[in-house]
1. Sum -39500 (n - 2.57) across every DSSP H segment of at least 4 residues in chain A, then divide by the residue count to get the 222 nm mean residue ellipticity, nearest 500.
2. Under a point spin-label approximation (7 Å from Cα along Cα-to-Cβ), what is the A:Leu113-D:Thr156 distance to one decimal in nm?
3. If eta is 1.567 mPa s and T is 4 °C, what Stokes-Einstein diffusion coefficient results for the protein assembly as shown, Kirkwood Rh from Cα pairs, in µm²/s?
4. Can you give me the relative contact order of region B:1-137 as a percent, contacts being Cα pairs under 8 Å and 6 or more apart?
5. Defining the label point at 7 Å along Cα→Cβ, can you sort the distances from B:Gln126 to the same site in each other copy, shortest first, in nm?
6. At R0 = 41 Å, how high is the FRET efficiency between C:Ile144 and B:Arg247 if r is their beta carbon distance? Nearest 0.05 is fine.
7. Need one word for region A:130-171: rounded, prolate or oblate. Basis is the Cα gyration tensor (sqrt eigenvalues a ≥ b ≥ c); a/c below 1.5 gives rounded, then a/b vs b/c decides.
8. Output the Cα-based Rg and Dmax of chain B in Å, rounding Rg to one decimal and Dmax to a whole number.
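The values are calculated or read from the model by the stated rules, or taken from the named source; none is laboratory data. Predicted, not measured: the structure shown is a model, and the values here were computed from it. Cβ placement follows ideal geometry from the backbone for every residue including glycine, while neighbour counts extend to all protein chains displayed. Protein only, heavy atoms only, side chains kept; ligands, DNA and RNA dropped before computing areas. Shrake-Rupley method; radii C 1.70, N 1.55, O 1.52, S 1.80 Å.
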Number of protein chains: 4
Amino acid sequence: MTVSQVADWWGTAVSRIEPNLIELRGVEVQELIGTTGFGAMIWLMLRGERPTEQQVRLLEAALVAGVDHGPHAPSIAIARMTATCGVGLNNAMANGINALGDSHGGAGQECVLLLDEIRARAEAGQELPAATDQVIAAWRDRGIRYLPGFGHRFHTRDPRRDPLLGLVGQAVADGVVPGGHLRAALAVETALNRGRSRPVPMNIDGATAVIYAELGFPAPLARGLFVLSRSVGILAHAWEETGQGRRNKGPMPPAILPTQLG
Amino acid sequence: MTVSQVADWWGTAVSRIEPNLIELRGVEVQELIGTTGFGAMIWLMLRGERPTEQQVRLLEAALVAGVDHGPHAPSIAIARMTATCGVGLNNAMANGINALGDSHGGAGQECVLLLDEIRARAEAGQELPAATDQVIAAWRDRGIRYLPGFGHRFHTRDPRRDPLLGLVGQAVADGVVPGGHLRAALAVETALNRGRSRPVPMNIDGATAVIYAELGFPAPLARGLFVLSRSVGILAHAWEETGQGRRNKGPMPPAILPTQLG
Amino acid sequence: MTVSQVADWWGTAVSRIEPNLIELRGVEVQELIGTTGFGAMIWLMLRGERPTEQQVRLLEAALVAGVDHGPHAPSIAIARMTATCGVGLNNAMANGINALGDSHGGAGQECVLLLDEIRARAEAGQELPAATDQVIAAWRDRGIRYLPGFGHRFHTRDPRRDPLLGLVGQAVADGVVPGGHLRAALAVETALNRGRSRPVPMNIDGATAVIYAELGFPAPLARGLFVLSRSVGILAHAWEETGQGRRNKGPMPPAILPTQLG
Amino acid sequence: MTVSQVADWWGTAVSRIEPNLIELRGVEVQELIGTTGFGAMIWLMLRGERPTEQQVRLLEAALVAGVDHGPHAPSIAIARMTATCGVGLNNAMANGINALGDSHGGAGQECVLLLDEIRARAEAGQELPAATDQVIAAWRDRGIRYLPGFGHRFHTRDPRRDPLLGLVGQAVADGVVPGGHLRAALAVETALNRGRSRPVPMNIDGATAVIYAELGFPAPLARGLFVLSRSVGILAHAWEETGQGRRNKGPMPPAILPTQLG
């Protein structure tokens, strides 16, 4: 057992730190500051290489789309309540992010897996509608009630869907991304809406999952990227709540309690 | 007690959600997707108004600078260890962010307060060096051992300092920002280095605090913005760790344990 | 730099682990299993020595008293909401605990400090009422609006106060604890209630702070012990919520949203 | 939509709070304080009914056994590192608990499921060894490399195993618990050790899972109870770390860094 074995335990390809040197993905940090946008930096850190401008634009569109869905989203409500309990802003943000689990922000990750399966079948030669039906059936057989990335309890047509898919469609036309995940996602929508009067629209997790997958991010990073995106809304709400000065905010106003409890 | 009183409890100026409508700071989300960069979106959400291009560039420079400082930073190490324990990527990220407290990422917030005090005295007419000495003395009197934003146990000259301060200096020259916090920060450096052979350099918390404060963000948002920035590195590291396949990673390699414990 | 220096970094007096040996505070774990109750184990781990039976009884009374205050307490509501987002039960618990900050569960810690100040003056010979008034005035001067441990927005007389103080009073009579913190806390109540029609009762943070302080726990452990106590309620509620099967639970029922937002 | 519908959203069978009334599982809190031990309180809150003394003793033995496994366990190391970053003790505890995921403290939950499957087959009449082999094979087929609750990278014979199983064995003999999960767990050990020179011992997750399952707790509560148990060690370590006064503690001592990075 040597000290170098100890050091290896924390070996990483992400960054190299020496006295007076900070190298991020092989680039000295001073070369990045002022020359690289935040979206491009996110790409570099996660992928280890620089994106094209078109790739960054698509990535940032997805990041912008997911920042907030109002104070009734659990991630936001949790962060706001935590912010009133006498902890730091980072603690309030951590609590919101910690709630972005499998059925909240984590749905994007599952959606990429769903689309991967369909796309793989289509690329192997199966007709897309049949491939889609079979994959959906298989997911249903596994007891999945809500297909990740589709349906919204609130919006009949999520206003984020069209602009996001429009951008992906353009990127496919421009040869920026291949298009297989987009086609798979649209096929799922078609299959889900068949014979229904109230359509099951693609939601934010689905539309951004298409973008992340088209850009080549593996499924778990769809969740990771959603976290980066939603963190902005979480911060904005936690900060606003702080300014309102409530202490130990519960889910409902104190005035309701005697009514309820009396 | 009416339902509307209940609803008021969650009232917010950040976002308005109705069926098929998502308005963020008064702008419908579909107008933002594809037209607004991620940095500009962060500004809009936190400030309630759109930034200029020069403001965004300065903000993004600070966000880029703080993303990562290697796996020995507690925030990164904690996220990597958590990622090996069988939780989601968002949970690992939350743990890293939760550690960005007063003495880790939260130092930027304290640094803004320090600079605010000095700047206020200077603007009230006191000579800057005297104002700086007196504020430093007052902080020391309160038992503060480490002035937030200054000094690094590792770098004698933090490679992020010069490019960040260069950008602020340019922004002052261009009239983008007023410059009072920059002058205060340089005065603190001068005061700390007086008569020392090993200088106490401004660190990442200090240099980004200058930018955030110059751009008009209140002190607690210096912490909030650092969280957004460092989240990128936390995600990159947690994701890399996941790919390495360790389970229940401790701080040191298992091979060292018998040596230590035997 | 040697491996042993590396190992020293994680040196601890709490536990010693070798292959096939687990020593907790110097006692082999197999001697503790089946012979030591959970409350006595908490004491041993935090204090490094075994408690008497009377000490354990008093400690457990405080731990029992704080387990739950219903689903409108932020810690509980946050845990319940988190539990519906597709994360593990431990993640939901962590979120609830993370909210037990300075103004929620952390108030016990502050209350111990308040009582310490009063008790120190009384032991130095000052009359208790005068000492109490002066300490309260000093806290008010520091901008403290709510004295930690006193007052409840909901209960005019917290039902946990009397049985807890009764047990401490008995313990003082039996010579189990010295009584200085109890006398200080009662003096604060008297001072706060002077000339008021609606009394400001000691709350759960205050009454348990008295016990923890009388038992010799330092102030920060009043928060730590409250966390252990409230964790039980957090778990019970998160588990119940899981069984109710909601997904992504917001603070208010979905049915209210169209009303609010329309 | 009425206010009572709003209130229903937070309905619970765990506790009832009215002004000056706190009822936990139907019992007024003042009846519990001083009469009910902490272990019995945990049982009451989770089960909704009072335990026998023998049940509490068994439960507390499991809770005592899991409190700590030294500073190299990720949950403990994470809490210690977090405690040095300028956050509250509750935040440090939350971070440790948040890491008790599927492969760390969550293994008990999985182990209960494993034992449930074997026990169900045995109760349906299959021979225990055959049932065990088939269930193990089925888990292996699902890609499970490590059977939850068995094997330890550190101990060849976990010192907690024998005393815990001894207590369960006695409880079976006394008719306190039925014994099916104990028999299943022993059968798994036998199956795993067949033909191996280095045995695969039952570990703490396994031995406590037996107790929790024998006592009738559903699988997810094995994780929940482990969290309550380990929280004690997490608190003891975080508190000790606080007293050592380090700031921003990384996984390895700073002295190693130049060696590693130079």
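1. Values: 13 runs with 154 residues, N = 262.
Computed mean residue ellipticity for chain A: -18000 deg cm²/dmol.
2. Result for the modelled spin labels: 3.9 nm.
3. Rounded to a whole number, D works out at 43 µm²/s.
4. Answer for region B:1-137 is 10 percent.
5. Label-point separations across copies, in nm and ascending: 3.1, 7.4, 7.9.
6. The value I calculate is 0.30.
7. Details: a/c = 3.83, a/b = 1.55, b/c = 2.47.
Note, shape of region A:130-171 comes out oblate.
8. Every Cα atom of chain B included, Rg and Dmax give 21.5, 68 Å.
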